[in-house]
1. Give the span of the stretch 125-208's Cα atoms along each principal axis, as three whole-Å numbers ordered largest to smallest.
2. With each run of n ≥ 4 DSSP H residues scored as -39500 (n - 2.57), what mean residue ellipticity at 222 nm is computed for the chain after dividing by its residue count and rounding to the nearest 500 deg cm²/dmol?
3. Can you give the angle from 0 to 90° between the axis of helix 354-370 and the longest principal axis of the chain, with both taken from C-alpha atoms, to the nearest 10?
4. Length gain on complete extension for the stretch ALA22 to LEU381, per 0.36 nm per residue less the alpha carbon to alpha carbon distance?
5. Output needed: percent of Cα pairs per 10 Å distance bin for the stretch 85-173, bins running from 0 to the one holding the longest distance.
6. Using the Cα centre as the reference, give the magnitude of the dipole from point charges on the C-beta atoms of the chain (Lys, Arg: +1; Asp, Glu: -1; all else neutral), rounded to the nearest 20 debye.
7. Once phi is turned into ³J(HN,Hα) by the Karplus curve 6.51 cos²θ - 1.76 cosθ + 1.60 with θ = phi - 60°, what whole-Hz value does each residue of the stretch 61-71 show in order, with x for glycine and proline?
8. Report, for the chain, the % of DSSP beta bridges that are antiparallel, rounded to 5.
Amino acid sequence: MRIIEPWIDAPETQTVCRMLTAAGWQALFVGGCVRNALLAAPVSDIDIATDALPEQVMALAKQAGFHAIPTGIDHGTVTVVVNHHPFEITTFRHDVETDGRRAVVAYTTDPAEDAHRRDFTMNALYARPDGKIIDPLGGLPDLLARRVRFIDDAGARIREDYLRILRFFRFHAWYGRDEDGLDAEGLAACAALSGGIETLSKERVGAEMKKLLAAPDPAPSTAAMAQSGVLTQILPGADVKALAPLVHLEGEHNVAPSAIRRLAAIAGANDGIDLRLSRDEARGLAQLRHWVGTGDTALTLGYRLGAEAGRDVILLRGALLEMPLPGGWQGDLATGAAAEFPVKAADLMPAFSGAALGAELKRIEDRWIASGLVLTRAELLG
Ligand code: ATP
Ligand code: MG
């Protein structure tokens with residue numbers, strides 16, 4: 001079996017492979033790029049595995065005149081940049097010791113050994129520079145059946161790195177088949193070992209959770225997370241009930257997935273602080289959680305939040321409160337977003353100044369909003 005993909009034939013890819021193979025080393029594509037190529041899904045980054053040691057990769061890149069960055073040198077990864085294209089080159093390795101978070105690694109020259117330290121069979125597929133698939137663990141049938149299955153013993157894999165619990169649900173959300181449900185052995189191991197999640201850094205957990213929630217339909221996987229007790233480890237107080245209705249509404253109105261919108265649907269009283277969201281994400285989440293609970297109209301939401309965030313509030317209300325969406329909401333959002341408050345501070349001066357000016361301006365704006373944004377400047381000032 002061979003994969004045929006534009007990124008394999010790209011001169012940059014072939015050049016970086018040749019840099020290794022010409023010196024007598026192996027170069028094998030691995031991980032997401034092989035998995036996604038086989039699923040005809042988009043490939044975002046190209047990971048290459050090799051038997052060359054990291055220092056040797058660095059030296060070869062230097063010799064060839066490519067920029068090489070020791071991005072993860074203690075676990076064997078060097079990023080080589082060819083013509084602005086980054087390639088993550090990682091030396092074959094096997095884990096020798098773990099504390100559930102950080103693996104101590106030893107290098108190997110055997111790709112089959114390298115395969116065993118990975119998480120799921122579908123993530124342990126390799127391809128040669130000519131696209132020929134190498135499948136040391138029999139991951140191909142699992143991939144083609146869209147089965148996310150831990151390599152060897154699920155419990156043992158999880159104890160090596162508890163993040164794999166979240167990755168199990170994430171990869172199922174993206175690549176699994178919902179009719180088949182999650183792999184029973186994997187699910188049972190995730191449930192039994194969910195307590196180990198608290199040993200992970202909040203950054204890793206937050207990043208995984210966002211990737212999960214950005215899947216086309218994360219609802220079945222998230223429901224399984226809730227049922228197995230994993231979700232409360234991450235987001236105490238979360239409730240997944242509204243997620244499936246939200247995803248349905250998104251589909252109905254052609255709205256692209258958004259991890260923060262989905263998070264707002266399941267967070268309940270949780271402010272998501274434990275997910276280490278960026279400042280913008282946290283602000284977006286707080287805004288959605290606030291406005292969902294107000295009675296403001298689509299017109300007001302459009303004016304206050306803009307069309308996009310306003311739309312998210314409308315969809316979230318529909319999902320959370322099980323309400324039909326208000327008639328004409330899309331037009332109202334657009335009207336509100338385009339509306340401009342007709343009164344300026346200068347209109348109230350010098351009669352008002354300082355704090356009183358701000359308060360009066362706000363009072364008039366509230367009146368204008370209450371009028372459905374229709375009162376004119378003259379009416380508001382009269
Ligand atoms: P994507 O890049 O689309 O998120 P990916 O499978 O490439 O998916 P990466 O996080 O880039 O995911 O990791 C590349 C590969 O490294 C994975 O396919 C897997 O084989 C291995 N890997 C990554 N993280 C882990 C982990 N926590 N435990 C075991 N193997 C892992
Ligand atoms: Mg990747």
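Rule-based calculations on the coordinates, nothing more; no lab input. In this text the structure is predicted, and so the values were computed from the model without any measurement. Positions of Cβ are generated from backbone atoms using ideal geometry, with glycine treated the same way; all protein chains shown enter the neighbour counts.
1. Computed over the Cα atoms, the extents are 42, 30, 22 Å.
2. Details: 20 runs with 186 residues, N = 382.
So the calculated ellipticity at 222 nm is -14000 deg cm²/dmol.
3. Around 90 degrees separate the two axes.
4. Numbers: separation 359, 0.36 × 359 = 129.24 nm, distance 7.96 nm.
Contour length minus Cα-Cα distance gives 121.3 nm.
5. For the stretch 85-173, the pair-distance distribution reads 16, 46, 34, 4.
6. 540
7. 5, 4, 4, 7, x, 9, 5, 10, 10, x, 5
8. Numbers: 24 of 29 bridges.
If we restrict to bridges inside the chain, about 85 percent are antiparallel.
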